[in-house]
Amino acid sequence: MLIDTTEGTQFEAQDDLSILDSALKSGLVFEYSCKNGQCGVCKTTLLNGEVIELRAQLALSDQEKSDNKILTCCCAAKTSIKIDSTDLSALHGITVKTLPARVSHISYLSEKIVEIRLRLPPTAIFQFVEGQYLDVIWNTIRRSYSIASISADKEITLLIKCFENGQMTDYWFNKVKKNDLLRIEGPKGTFFLRDAQSPLIFLATGTGIAPIKSILNSLEHDSDFQQLHPIMVYWGNRSPEDFVWQASFNKLTVDFYNVLSQPTNDWSGDTGYVQDIALARQHNLDDTVVYACGSNAMIKSAKEQFLACGLDENRFYSDAFVQSF
Ligand code: FES
């Protein structure tokens with residue numbers, strides 16, 4: 001069975017694989033993030049043919065289902081089909097690899113956040129676009145983490161949050177030692193900067209700042225990049241100690257707002273939700289592009305609110321941190 005797209009690409013539907021995985025296996029890259037039906041980033045329109053649901057399409061409303069919307073990470077082709085998807089050529093040439101990686105640095109930045117650096121074998125080549133994520137595999141456990149470093153760095157930096165009763169949390173916060181041998185698989189996801197020559201708003205909650213740090217540092221180090229438009233970052237946390245990155249740039253001018261969700265006596269910054277604070281400050285959304293990374297709840301609310309204020313849907317990109325099963 002064949003899968004056609006509106007832009008004219010065609011690929012084979014692989015047995016038992018989702019449309020998204022069939023595309024990835026064929027070397028095509030469509031929009032995706034969580035790969036488990038929760039974030040909605042891979043949403044597209046089924047233009048003809050039939051699909052079967054491999055897992056629940058949690059991010060689709062009933063209305064969207066009746067409008068022939070599907071999540072490519074949740075559906076497989078039942079017949080030959082045509083979908084409205086675009087291949088992301090910026091990711092061409094980047095292949096997903098599984099590589100060994102040693103823990104080279106462990107730093108507990110707050111009670112709930114640890115910074116881990118991973119060193120790859122000297123001969124290994126691991127290319128990624130800033131903003132992407134990777135999977136870390138320890139024993140039989142696999143978890144996804146956004147990359148906080150840039151591709152020019154020698155090591156890969158991850159910012160990892162503590163989750164109550166998390167199996168991998170137990171490893172990162174109680175067991176990890178320098179030189180531990182892990183495996184990584186990546187890069188993954190399609191959260192990366194599409195057009196740097198627009199006003200940019202970045203929204204992050206918690207360790208969702210990691211890919212934004214990576215994107216901004218890549219711009220800072222890009223000798224071809226000349227900043228012509230404002231860049232704004234709104235970073236939300238529950239506790240003041242979780243603002244573990246003090247951004248400083250020589251070349252970039254970034255308006256950076258730390259936002260605490262619950263006010264405390266000694267907090268003089270913004271309080272509330274990042275999307276509310278951002279919208280209260282930003283009035284003209286005509287050319288603005290919004291990148292949001294963090295909790296699914298923030299992303300859902302931010303998208304609804306920004307679209308309601310006039311942002312074009314194609315100018316909102318997101319990477320949701322969703323629970324692993
Ligand atoms: S719902 Fe498909 S990638 Fe998140």
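Below, the figures for the structure above:
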| item | result |
| --- | --- |
| Search result, residues across the stretch 119-151 that are part of a strand (DSSP E or B), touching a strand residue (DSSP E or B) at 6+ places or on another chain (Cβ under 9 Å), aliphatic (A, V, I, L, M) and more than 14 Å from residue 190 (Cα to Cα) | 136, 137 |
| Odd one out for residue 20, checked against (1) part of a loop (DSSP other than H, G, I, E, B); (2) within 12 Å of the ligand (Cβ to nearest atom); (3) buried (at least 19 other Cβ atoms within 10 Å of the Cβ) | (1) |
| Some residue of the stretch 39-59 being surrounded by 17 or more Cβ atoms within 10 Å (Cβ to Cβ), of a type outside the set (A, V, I, L, M) and at pLDDT below 95 | yes |
| Positions within the stretch 299-325 being within 14 Å of the ligand (Cβ to nearest atom) and assigned to a loop (DSSP other than H, G, I, E, B), in sequence order | 322, 323, 324, 325 |
| Residue ranges of strands (runs of 3 or more DSSP E) in the stretch 222-298 with at least 1 members closer than 22 Å to residue 199 by Cβ and in contact (Cβ under 8 Å) with a residue 60 or more places away in the chain | 231-237, 289-295 |
| Matching residues in the stretch 48-60 - criterion: being more than 26 Å from residue 188 (Cβ to Cβ) and outside any strand (DSSP E or B) | 49, 50 |
| Residue match in the stretch 26-44 (condition: more than 9 Å from the ligand (Cβ to nearest atom) and assigned to a strand (DSSP E or B)) | yes |
| From 242, 224, 170, residue being buried (at least 20 other Cβ atoms within 10 Å of the Cβ) and acidic (Asp, Glu) | 242 |
| Pick from the stretch 1-15, criterion touching a Leu at 6+ places or on another chain (Cβ under 8 Å) and assigned to a loop (DSSP other than H, G, I, E, B), ranking: surrounded by the most Cβ atoms within 10 Å (Cβ to Cβ) | 13 |
| Contacts under 8 angstrom Cβ, first residue in the stretch 126-151 being surrounded by 19 or more Cβ atoms within 10 Å (Cβ to Cβ), partner assigned to a loop (DSSP other than H, G, I, E, B) and among the acidic types (Asp, Glu), 6 or more apart | 147/130; 149/155; 150/130 |
| Index of the failed condition, residue 90 passing every other in (1) modelled with pLDDT of 95 or more; (2) out of contact with any Lys or Arg (no Cβ under 6 Å at 6 or more places or on another chain); (3) not aromatic (Phe, Trp, Tyr) | (1) |
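So that you can scan it fast, the table gives a plain yes or no per residue for (1) under 19 Å from the mean Cα position of the chain (by Cα); (2) among the small types (Gly, Ala, Ser):
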position: 143; (1), (2): yes, no
position: 150; (1), (2): yes, no
position: 171; (1), (2): no, no
position: 181; (1), (2): no, no
position: 185; (1), (2): yes, no
position: 214; (1), (2): yes, yes
position: 220; (1), (2): no, no
position: 228; (1), (2): no, no
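Residue-by-condition table, conditions (1) away from the ligand (no atom under 15 Å from the Cβ); (2) of a type in the set (Ser, Thr, Tyr); (3) in a strand (DSSP E or B); (4) touching a Cys at 6+ places or on another chain (Cβ under 6 Å):
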position: 46; (1), (2), (3), (4): no, no, yes, no
position: 64; (1), (2), (3), (4): no, no, no, no
position: 79; (1), (2), (3), (4): yes, yes, no, no
position: 85; (1), (2), (3), (4): no, yes, no, no
position: 90; (1), (2), (3), (4): yes, no, no, no
position: 99; (1), (2), (3), (4): yes, no, yes, no
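The values are calculated or read from the model by the stated rules, or taken from the named source; none is laboratory data. Remember, predicted model here, so these are calculated numbers, not experimental data. Counting neighbours? That spans all protein chains shown, and the Cβs are built from the backbone with ideal geometry, glycine included.
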